[in-house]
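Asker: Could you have a look at this structure, given as structure tokens, before my questions?
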Amino acid sequence: MKHTEYVYLTPMPVRIWHWLNAFGIVTLTITGINIRFPDVLNIFGTYKSAIVLHNTAGIVVSISYTLWLLYYMFVAGTLAKLYIPTMNDIKTGIIRQAFFYFFQYFKGGPNPHHGTPDNKFNPMQKAAYLVIMLVLLPLVIISGIILMYVAPLREIIMVIGGIKTLVSIHFLIACCFTAFLFVHIYLATLGHTPLAYFKPMWDGWEKVEHAHGDPHGDAHGSSHDKAPDNDHAVKSAASIGAA
Amino acid sequence: MKKIHAWSTLPIVLMLALLAIGPVSAAETGNDRCLSCHANKDIIKRGGELLYVDPAMYAVTSHSAIGCNTCHDSVRSTHPDDGLKSSRASCKDCHSTIQSEYAASIHGGKATCNDCHNPHEVKPLIAVSGSDINAKCAKCHNLGKIVKSHDKWLPQADLHIDALPCVTCHTSSQNYVITMSIQKRQSGNTQFGEFKPATHQELAAFNPVNGDVSRLIDKNGDRLISLKELRDFNYEVRKKDMRLWGMMMPEVATHSFQILENRWDCSFCHASGPKAMQKSYMAFPDNSGGYTRMEVESGAILDILYGTPDFYMMGSTRSTALNIVGALIIAGGLMMPIGHGTMRFLTRKNRKEH
Ligand code: HEM
């Protein structure tokens, strides 16, 4: 017997940010390869157009990052709750989640984590997104902005240790993003169906299936019992159909 | 082109030959007699700056071997009391190839040889720094305005003009080299002062071996700067408010001033790949205002931290070591979809029941 419910996991501003950011980062990666290896990849007509596009995408990502940060910090106020791993997460959560991904998952075991609007990331996601969003992205944005104004910001560059150090930081972080992107997109296909996790990132609603008698049914209960801040955060399948 | 050049330097060769055959001495070239008055700053009061000939600058020029009289052959023993205007040789008498090359360029009618060269302080290309060349152009072209007009199409024009002499883009040359120089923060403001090429005096103040400023970097005196010597120097330099500054210079000076179509295309410089950009020199100031170049171990400008930490050309001076590290990081990321994906495919039956 199955009962399907929808949880409003990802608010609209976050979704807009996410796709803008994703599009921006992919553009940055491709133009970045063009700029570093012009003799290998040259697809934007001229070198200059690759630079202009890279700079533009960089500014778009910087602005959208700032808005994302402000939104999570001040409007939603959930930055710390969502992104900072708790003591429990660090002690056992991450290991449990890794155990699931690399072992249980293959045996068909249940995912120990279930997203609620207040706690939508599993401990591994938290750790990864924390590093990506609060360490690497700011670093790559700052190094990128300095690289756009080398002559006026020369003093800062000298303090950092020269333009080559700066470029190396920028390049290596960009490589980390590319690596993250592969992992990220792949992990996003690990839902009930390969596209299950893409749906909430698109329209906000995640489908939660309660198969009664399922050993991990209890864990889902939380989204039932605890009324989320948003009245409409939980809908039944029927109400969605009616809408 | 080669032929014409050889033919047109004939007068120079003949003259040098003549000079070599005769018993050449300072007295013979007449320099000393003329300098006795013209190297004295008092003469400026008599008729202006132009009358003064800086003896140290003059002594190192090839022109000093020719002698004052050769170019001012009408000066008589009654000079200066006769009040006669003396002759001045025209550059084209001896530099006809350059003269015709220059006359045919877009700049031919805009400036004369003397606007860019003081005949008493001439230097070959290898003895000047990029900033010296830009100073020449700056006499007529306001650098601030040039940055603005180039900014319309050249990203970071200010950075480009700092790292390229104008002639790198406005004359043609077969090859380009990176010339590094030691720059020092202007005294008075050590925190944010402007960097200017360090003078011989400023470097001599650091007491190099034998007073030879090149020994500040070339520690072992083998006339070749190794990467290790550069690294040591870079490390020392930070405490002394100095930096190494690289500029991309043409290998030969031509006077074919032009607006080269291919300089619109950034990849003329930014895509030549690491190989082409390996040749680099260190230019040390000498005490006559010129520079002496010393070769630097190849690969210095590709070295991330030790070569020229403050000189980087996107697309052409990338470090291979760093590329490998980057590729490894990305390969690490790919392990997830590939490794996990394979296992996932093999174990897909286990999840079917759900
Ligand atoms: C084409 C590229 C991308 C695709 C297809 C993609 C896909 C997704 C999907 C399906 C989710 C929801 C699943 C989950 O929460 O894990 C998600 C969430 C997320 N992604 Fe991406 N992503 C992409 C690029 C990026 C990039 C470049 C970044 C960061 C630099 C990023 C950062 C995030 C973050 C922080 C979340 C959680 C957002 C939140 O709900 O607060 N993504 N992504």
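The values are calculated or read from the model by the stated rules, or taken from the named source; none is laboratory data. As the structure is a prediction and not an experimental result, all values here were calculated from the model. We place every Cβ from the backbone using ideal geometry, glycine too, and count neighbours over all the protein chains shown. With ligands, DNA and RNA removed, areas are computed over all heavy atoms of the protein, side chains included. Shrake-Rupley method; radii C 1.70, N 1.55, O 1.52, S 1.80 Å.
Asker: Could you grab me the full set of residues in segment B:330-349 that are open to solvent by less than 50 Å² (accessible area, probe 1.4 Å) and in a helix (DSSP H, G or I)?
Answerer: Selection gives B:I330, B:A331, B:G332, B:G333, B:M336, B:P337, B:G339, B:H340, B:G341, B:R344.
Asker: Within segment A:181-200, take every residue that is surrounded by 15 or more Cβ atoms within 10 Å (Cβ to Cβ) and over 15 Å from B:G339 (Cα atoms) and give me the one that is farthest from the other protein chains (Cβ to nearest Cβ).
Answerer: A:P200
Asker: If you go through segment A:16-41, how many residues are near the ligand (Cβ under 8 Å from one of its atoms) and β-branched (V, I, T)?
Answerer: Residues in segment A:16-41 being near the ligand (Cβ under 8 Å from one of its atoms) and β-branched (V, I, T): 2 in total.
Asker: Please count how many residues of segment A:87-136 are among the hydrophobic types (A, V, I, L, M, F, W, C) and within 11 Å of the ligand (Cβ to nearest atom).
Answerer: 9
Asker: When you check A:S168 against the structure, is it more than 9 Å from chain B (Cβ to nearest Cβ), buried (at least 18 other Cβ atoms within 10 Å of the Cβ) and among the hydroxyl-bearing types (S, T, Y), yes or no?
Answerer: No.
Asker: Moving on. Going through segment B:33-54 one residue at a time, which ones are touching a Pro at 6+ places or on another chain (Cβ under 8 Å) and more than 12 Å from B:C68 (Cα to Cα)?
Answerer: Our first condition is that a residue be touching a Pro at 6+ places or on another chain (Cβ under 8 Å); within segment B:33-54, this holds for B:35, B:37, B:39.
Listed by number, the residues that qualify are B:C37, B:A39.
Asker: Right, another one. So which of B:A198, B:A138, B:A157 is out of contact with any helix residue (DSSP H, G or I) (no Cβ under 8 Å at 6 or more places or on another chain), farther than 19 Å from B:T308 by Cα and of a type in the set (A, V, I, L, M)?
Answerer: Going through B:A198, B:A138, B:A157 in turn, just one is out of contact with any helix residue (DSSP H, G or I) (no Cβ under 8 Å at 6 or more places or on another chain), farther than 19 Å from B:T308 by Cα and of a type in the set (A, V, I, L, M): B:A138.
Asker: A:L139: within 13 Å of the ligand (Cβ to nearest atom) and within 9 Å of chain B (Cβ to nearest Cβ), yes or no?
Answerer: Against the criterion (within 13 Å of the ligand (Cβ to nearest atom) and within 9 Å of chain B (Cβ to nearest Cβ)), A:L139 does not qualify.
Asker: Can you find a residue in segment B:148-162 that is of a type in the set (G, A, S) and either surrounded by 18 or more Cβ atoms within 10 Å (Cβ to Cβ) or in contact with a strand residue (DSSP E or B) (Cβ under 9 Å, 6 or more places away or on another chain) (or both)?
Answerer: Checked segment B:148-162: no residue is of a type in the set (G, A, S) and either surrounded by 18 or more Cβ atoms within 10 Å (Cβ to Cβ) or in contact with a strand residue (DSSP E or B) (Cβ under 9 Å, 6 or more places away or on another chain) (or both).
Asker: Here is a list of conditions, (1) touching a His at 6+ places or on another chain (Cβ under 9 Å); (2) more than 7 Å from chain A (Cβ to nearest Cβ), and B:G315 meets all of them except one; can you say which number that is?
Answerer: B:G315 satisfies all of (1) touching a His at 6+ places or on another chain (Cβ under 9 Å); (2) more than 7 Å from chain A (Cβ to nearest Cβ) except (2).
Asker: Also, I was wondering about something else. Mind checking which helices (runs of 4 or more DSSP H) fall wholly inside segment A:136-243 and carry at least 3 residues that are modelled with pLDDT under 75? If you could, list the steps in order and put the result at the bottom.
Answerer: Values: elements: A:137-148, A:154-160, A:163-187, A:198-203, A:217-225, A:237-242.
Output list reads A:198-203, A:217-225, A:237-242.
Asker: One residue is enough: does segment A:63-81 have a residue meeting the conditions in a helix (DSSP H, G or I), over 17 Å from the mean Cα position of the chain (by Cα) and surrounded by fewer than 17 Cβ atoms within 10 Å (Cβ to Cβ)?
Answerer: yes
Asker: I'd like to verify a number: residues in segment A:37-53 that are part of a helix (DSSP H, G or I) and crowded, with 21+ Cβ neighbours inside 10 Å, how many?
Answerer: Of the residues in that region, 3 qualify.
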